[in-house]
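Undergrad: What follows is a single structure, and I will ask about it in a moment.
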Amino acid sequence: MKKCRRCSKSATLHITELRQGEATEIHLCETCAKDYLSQAEEVSTPDLDVQFDQLEEGEHSEVSGIDDRTCPNCGITFREFRTQGRLGCPHDYVAFESDLIPLIENIHGETQHCGKLPKRAPDSSRRQHQLIRLRSELKVAIEEENYESAARLRDEIQQVESKLQGNDSSEE
Amino acid sequence: MDLDSLTQSNSEWLRGTGPESDVVVSTRIRLARNLAQFPFNTRSDEAVRGQVADQVRECLGDLPVPKVLNFVNVPSLDEISQQFLVERQLISRELAEGDGPRGVAFSSAEDVSIMVNEEDHLRLQVLRSGLALDECWEEINRLDDALEEELTFAFHEKYGYLTACPTNVGTGIRVSVMLHLPALVQTREIQKVFHSLQKINLAVRGLYGEGSQALGDFYQISNQYTLGLSETQVIDKVRSVIPRLLDYERRARTAMLEEKKEQLHDHIARASGILRSAQTISSEETMHLLSSVRLGVNLGLIDDVEISTLNELFIMTQPAHLQKLKRTELDSADRNKARAALIRNRLTGDLQD
């Protein structure tokens, strides 16, 4: 018995969605199916299946080739990832990088991490990330016409840049 | 750990206090983390999962965090106990129904927890009553730092913290604020609110997260994007919509009060009456009626019951909780009787205080 795609109950309804002539099967339990059908017209949230559909559109001829690629570390194929929506190991982000980037961009609208760094990360990558974060904050500040913060952020960026160039290893 | 003792205590997030607690029930932040040297759980066998669980368990005792985290081995629990932890929001349904070595470590106040071997190796969670985004972030960030002293998490310069599903990659953060929105539900304005939230890429879920219905008019608002924004930017994004949602809900409440106070008062008093006297009651009806009474208390139409009692009843009246309290398996009909008795007891008990 298949499990519901949204929760882990048994799927009792099997919906076939026709999108631009392409049929997709969706398995849902009764509760989620009601929910799904009533929301069908609404703006959908980022959904891996939809992301995959978009990925495939431009790359029809290559799809089978991509699917057979295997991660040398954990042995998962790209096809398995596409089926279950879960990667096999951290190395997959490198092994399937070229195929994952458009997917990640579709999901998050960005491909560069600018959050926290592990404490053990070296100082130089710490500074690089600090720059990425500050630049993203600067962008937001300018968009929001918050010029006071923008000026402060620009100063901070210059400071970090000069530290990076001078390879200053002292803690900030 | 004796799970039965938990039935005697209240989770911190049910206290019904904290900023904006007339509408905001609780705030939750979770972080997804994976150990760098192991495959994700989709590709790991029992032995690997066992090693992951052991490593996490071993480091828990020495963590320099203020709260002691006790580990519960989930496979060793019976089904009712697993469901009990789901109802208390300490574990997800996915963890309860999973395979192989897995567990959860949590503090005695149930405000900090670490799920082990769910979709990711670690899911850290901090919960607070009311709107408390900064407190949640401070605590979970400190816990994450402390764990990082002991464990090496999978991390990539460009993609950040690596997760089994690319929808969580980067910060691995999910920031959720649980709101009680009965007036927006009754005035049917809730759909409009959802549309506008979805447009700015915030998700709306029910009480128990993904796929759950909005039982008792509870809704969780949370971020979708986990990459390209810093943790504090994600938090600020969720924070930015809360004042408007509070305003909408409170205005809808005031309008209801002004336009049809008598009708509303009657409706709420009847809900309270049923709860205080019913001999058998379903979970669904309970949630519905408790929601009305909670609204009544917040509007000052009812003053003989505490919000914390109502919050507690939302959880205590769920199937596994009733069976834990009765210390026996109950079928649906017996649960409905036990539920009605528990509610009568708690609500009339408050009266006598």
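The values are calculated or read from the model by the stated rules, or taken from the named source; none is laboratory data. All values reported here derive from a predicted model rather than from experimental measurement. Cβ sites come from the backbone with ideal geometry, for glycine too, and all protein chains shown count toward neighbours.
Undergrad: If you scan the range B:166-182, which residues turn out to be part of a helix (DSSP H, G or I) and either surrounded by fewer than 19 Cβ atoms within 10 Å (Cβ to Cβ) or more than 21 Å from the chain's Cα centre (by Cα) (or both)? Break it down into steps so the answer makes sense when it comes.
TA: Initial filter on the range B:166-182 (part of a helix (DSSP H, G or I)): B:166-168, B:182.
Correct list: B:PRO166 only.
Undergrad: Does A:ASN73 satisfy being closer than 23 Å to A:ARG135 by Cβ and more than 7 Å from chain B (Cβ to nearest Cβ)? It would help to see each step written out before you state the result.
TA: On the way: closer than 23 Å to A:ARG135 by Cβ: no; more than 7 Å from chain B (Cβ to nearest Cβ): yes.
No, not satisfied.
Undergrad: Restricting the search to the range B:215-245, which residues are of a type in the set (Asp, Glu), at negative phi and in contact with a helix residue (DSSP H, G or I) (Cβ under 6 Å, 6 or more places away or on another chain)? First the steps, then the outcome.
TA: Within the range B:215-245, the subset of a type in the set (Asp, Glu) is B:217, B:231, B:236.
Going one step further and asking which of them are at negative phi, we end up with B:231, B:236.
Of everything in the range B:215-245, nothing turns out to be of a type in the set (Asp, Glu), at negative phi and in contact with a helix residue (DSSP H, G or I) (Cβ under 6 Å, 6 or more places away or on another chain).
Undergrad: Right, another one. Exactly one of these conditions fails for B:TRP13: (1) over 30 Å from B:ILE302 (Cβ atoms); (2) buried (at least 21 other Cβ atoms within 10 Å of the Cβ). Give me its number.
TA: Unmet for B:TRP13, out of (1) over 30 Å from B:ILE302 (Cβ atoms); (2) buried (at least 21 other Cβ atoms within 10 Å of the Cβ): (1).
Undergrad: In this structure, does B:ALA146 turn out to be touching an Asp or Glu at 6+ places or on another chain (Cβ under 8 Å), part of a helix (DSSP H, G or I), touching a residue at least 60 places away in the same chain (Cβ under 8 Å) and more than 9 Å from every other protein chain (Cβ to nearest Cβ)? First the steps, then the outcome.
TA: Working: touching an Asp or Glu at 6+ places or on another chain (Cβ under 8 Å): no; part of a helix (DSSP H, G or I): yes; touching a residue at least 60 places away in the same chain (Cβ under 8 Å): yes; more than 9 Å from every other protein chain (Cβ to nearest Cβ): yes.
So B:ALA146 does not fit the description; no.
Undergrad: In this structure, is B:GLU258 in a helix (DSSP H, G or I), more than 25 Å from B:ASN336 (Cα to Cα) and not basic (Lys, Arg)?
TA: Yes; evaluated as a whole, the condition is true for this residue.
Undergrad: Now a separate question. Of these, B:LEU95, B:LEU197, B:LEU131, which one is under 16 Å from the mean Cα position of the chain (by Cα) and free of Cβ contacts under 8 Å to residues at least 60 places away in the same chain? Working first, answer last.
TA: Numbers: B:LEU197 fails: under 16 Å from the mean Cα position of the chain (by Cα); B:LEU131 fails: free of Cβ contacts under 8 Å to residues at least 60 places away in the same chain.
When all the criteria are applied, what remains is B:LEU95.
Undergrad: Criterion first (of a type outside the set (S, T, N, Q), surrounded by fewer than 21 Cβ atoms within 10 Å (Cβ to Cβ) and over 25 Å from the mean Cα position of the chain (by Cα)) does B:LEU257 satisfy it? Step through it out loud before you land on a result.
TA: Values: of a type outside the set (S, T, N, Q): yes; surrounded by fewer than 21 Cβ atoms within 10 Å (Cβ to Cβ): yes; over 25 Å from the mean Cα position of the chain (by Cα): yes.
When the stated conditions are applied, B:LEU257 passes them.
Undergrad: Exactly one condition in (1) surrounded by 15 or more Cβ atoms within 10 Å (Cβ to Cβ); (2) closer than 18 Å to B:CYS136 by Cα; (3) not polar (S, T, N, Q) is not met by B:LEU245; state its number.
TA: (2) is the only condition that B:LEU245 fails.
Undergrad: With (1) under 19 Å from A:LYS9 (Cα atoms); (2) among the polar types (S, T, N, Q); (3) in contact with a Pro (Cβ under 9 Å, 6 or more places away or on another chain) as the list, and B:GLN89 as the residue in question, which single condition is left unmet?
TA: Failed condition: (3).
Undergrad: Sticking with this one: I want to confirm something. Restricting to the range B:151-165 and keeping residues that are more than 7 Å from every other protein chain (Cβ to nearest Cβ) and surrounded by fewer than 24 Cβ atoms within 10 Å (Cβ to Cβ), which single residue is nearest to A:GLN130 (Cα to Cα)? Can you show your working first?
TA: The initial filter retains those residues of the range B:151-165 that are more than 7 Å from every other protein chain (Cβ to nearest Cβ), namely B:151-152, B:161, B:163.
Imposing the further condition that a residue be surrounded by fewer than 24 Cβ atoms within 10 Å (Cβ to Cβ) reduces the set to B:151-152.
Numbers: B:LEU151: 23, B:THR152: 21 Å.
Checked the range B:151-165; the qualifying residue nearest to A:GLN130 (Cα to Cα) is B:THR152.
Undergrad: A follow-up question, please. Which residues, taken from the range B:166-210, are within 9 Å of another protein chain (Cβ to nearest Cβ) and at pLDDT 95 or above?
TA: B:PRO166, B:THR167, B:VAL169, B:GLY170, B:THR171, B:GLY172, B:ILE173
Undergrad: Moving on. Is at least one residue of the range B:276-287 more than 25 Å from the chain's Cα centre (by Cα), of a type in the set (S, T, N, Q) and over 19 Å from B:LEU342 (Cα atoms)?
TA: No, because not a single residue in the range B:276-287 is more than 25 Å from the chain's Cα centre (by Cα), of a type in the set (S, T, N, Q) and over 19 Å from B:LEU342 (Cα atoms).
Undergrad: Within the range B:107-115, does at least one residue satisfy the condition of being farther than 17 Å from B:LEU6 by Cα, in contact (Cβ under 8 Å) with a residue 12 or more places away in the chain, away from chain A (no Cβ under 14 Å) and more than 12 Å from the chain's Cα centre (by Cα)?
TA: Of the residues in the range B:107-115, the ones farther than 17 Å from B:LEU6 by Cα are B:114-115.
Within this subset, residues satisfying the condition of being in contact (Cβ under 8 Å) with a residue 12 or more places away in the chain are B:114-115.
From what is left, the residues that are away from chain A (no Cβ under 14 Å) are B:114-115.
When the remaining residues are screened for being more than 12 Å from the chain's Cα centre (by Cα), the result is B:114-115.
Yes.
Undergrad: Of everything in the range B:130-142 that's touching a Leu at 6+ places or on another chain (Cβ under 9 Å) and surrounded by 23 or more Cβ atoms within 10 Å (Cβ to Cβ), which residue is farthest from B:LEU179 (Cα to Cα)? Show your work before the answer.
TA: Taking the range B:130-142 as the starting set, the residues that turn out to be touching a Leu at 6+ places or on another chain (Cβ under 9 Å) are B:131, B:136, B:140-141.
Applying the additional criterion that residues be surrounded by 23 or more Cβ atoms within 10 Å (Cβ to Cβ) yields B:131, B:136.
On the way: B:LEU131: 9, B:CYS136: 16 Å.
Ranking the candidates gives B:CYS136 first.
Undergrad: Return the total of residues in the range B:223-242 being part of a helix (DSSP H, G or I) and under 22 Å from A:GLN130 (Cβ atoms). Don't jump to the end; show me each part of the working.
TA: To start, the set of residues in the range B:223-242 that are part of a helix (DSSP H, G or I) comprises B:231-242.
Keeping just the survivors that are under 22 Å from A:GLN130 (Cβ atoms) gives B:231-237.
Total satisfying the criteria: 7.
Undergrad: Hey, another quick one. Residues B:LEU264, B:LEU295, B:LEU245: which one is in a helix (DSSP H, G or I) and either of a type in the set (Lys, Arg) or free of Cβ contacts under 8 Å to residues at least 40 places away in the same chain (or both)? Quick ask: steps written out before the conclusion?
TA: Details: B:LEU295 fails: either of a type in the set (Lys, Arg) or free of Cβ contacts under 8 Å to residues at least 40 places away in the same chain (or both); B:LEU245 fails: either of a type in the set (Lys, Arg) or free of Cβ contacts under 8 Å to residues at least 40 places away in the same chain (or both).
Going through B:LEU264, B:LEU295, B:LEU245 in turn, the sole match is B:LEU264.
Undergrad: Count, please, the residues in the range B:267-282 that happen to be in contact (Cβ under 8 Å) with a residue 60 or more places away in the chain and either outside any helix (DSSP H, G or I) or of a type in the set (Ser, Thr, Tyr) (or both). Steps first, please.
TA: Quick first cut of the range B:267-282, residues in contact (Cβ under 8 Å) with a residue 60 or more places away in the chain only: B:272, B:275-281.
Now narrow it down to the ones that are either outside any helix (DSSP H, G or I) or of a type in the set (Ser, Thr, Tyr) (or both): B:272, B:277-281.
Qualifying residue count, the range B:267-282: 6.
Undergrad: Test each condition in (1) outside any helix (DSSP H, G or I); (2) in contact (Cβ under 8 Å) with a residue 12 or more places away in the chain for B:CYS136 and report the one that comes out false.
TA: If we test B:CYS136 against (1) outside any helix (DSSP H, G or I); (2) in contact (Cβ under 8 Å) with a residue 12 or more places away in the chain, just (1) comes out false.
Undergrad: Checking B:LYS326 against (1) surrounded by 16 or more Cβ atoms within 10 Å (Cβ to Cβ); (2) of a type in the set (D, E, K, R); (3) closer than 30 Å to B:ASP2 by Cα, which test does it fail?
TA: Of the numbered conditions (1) surrounded by 16 or more Cβ atoms within 10 Å (Cβ to Cβ); (2) of a type in the set (D, E, K, R); (3) closer than 30 Å to B:ASP2 by Cα, the odd one out for B:LYS326 is (1).
Undergrad: Can you pull out every residue in the range A:76-91 that is farther than 15 Å from B:LEU35 by Cβ and more than 8 Å from every other protein chain (Cβ to nearest Cβ)? First the steps, then the outcome.
TA: To start, the set of residues in the range A:76-91 that are farther than 15 Å from B:LEU35 by Cβ comprises A:76-86.
Result: A:THR77, A:PHE78, A:ARG79, A:GLU80, A:PHE81, A:ARG82, A:THR83.
Undergrad: Quick check: anything in the range B:43-52 touching a strand residue (DSSP E or B) at 6+ places or on another chain (Cβ under 8 Å), of a type in the set (Val, Ile, Thr) and closer than 22 Å to B:GLU135 by Cα? Please lay out each step first, then the result.
TA: First, pick out the residues of the range B:43-52 that are touching a strand residue (DSSP E or B) at 6+ places or on another chain (Cβ under 8 Å): B:52.
Subsequent filtering for residues that are of a type in the set (Val, Ile, Thr) retains B:52.
After this cut, where a residue has to be closer than 22 Å to B:GLU135 by Cα as well, the list is none.
No, every residue in the range B:43-52 fails to be touching a strand residue (DSSP E or B) at 6+ places or on another chain (Cβ under 8 Å), of a type in the set (Val, Ile, Thr) and closer than 22 Å to B:GLU135 by Cα.
Undergrad: Continuing with the same structure: Hey, can you tell me all the residues within the range B:213-232 that are within 13 Å of B:GLY172 (Cα to Cα) and facing chain A (nearest Cβ under 9 Å)?
TA: B:GLN224, B:TYR225, B:THR226, B:LEU227, B:GLY228, B:LEU229, B:SER230, B:GLU231, B:THR232
Undergrad: Just wondering, is there one or more residues in the range B:31-46 that are more than 13 Å from chain A (Cβ to nearest Cβ) and surrounded by fewer than 19 Cβ atoms within 10 Å (Cβ to Cβ)? Let's see the steps before the verdict.
TA: Filtering the range B:31-46 down to residues more than 13 Å from chain A (Cβ to nearest Cβ) leaves B:46.
Next cut, surrounded by fewer than 19 Cβ atoms within 10 Å (Cβ to Cβ) only: B:46.
The answer is yes; a qualifying residue exists.
Undergrad: A:PRO122 versus (1) free of Cβ contacts under 8 Å to residues at least 12 places away in the same chain; (2) at the interface with another protein chain (Cβ under 10 Å from one of its Cβ atoms): which is the lone unmet condition?
TA: Only one criterion in (1) free of Cβ contacts under 8 Å to residues at least 12 places away in the same chain; (2) at the interface with another protein chain (Cβ under 10 Å from one of its Cβ atoms) is unmet by A:PRO122, namely (2).
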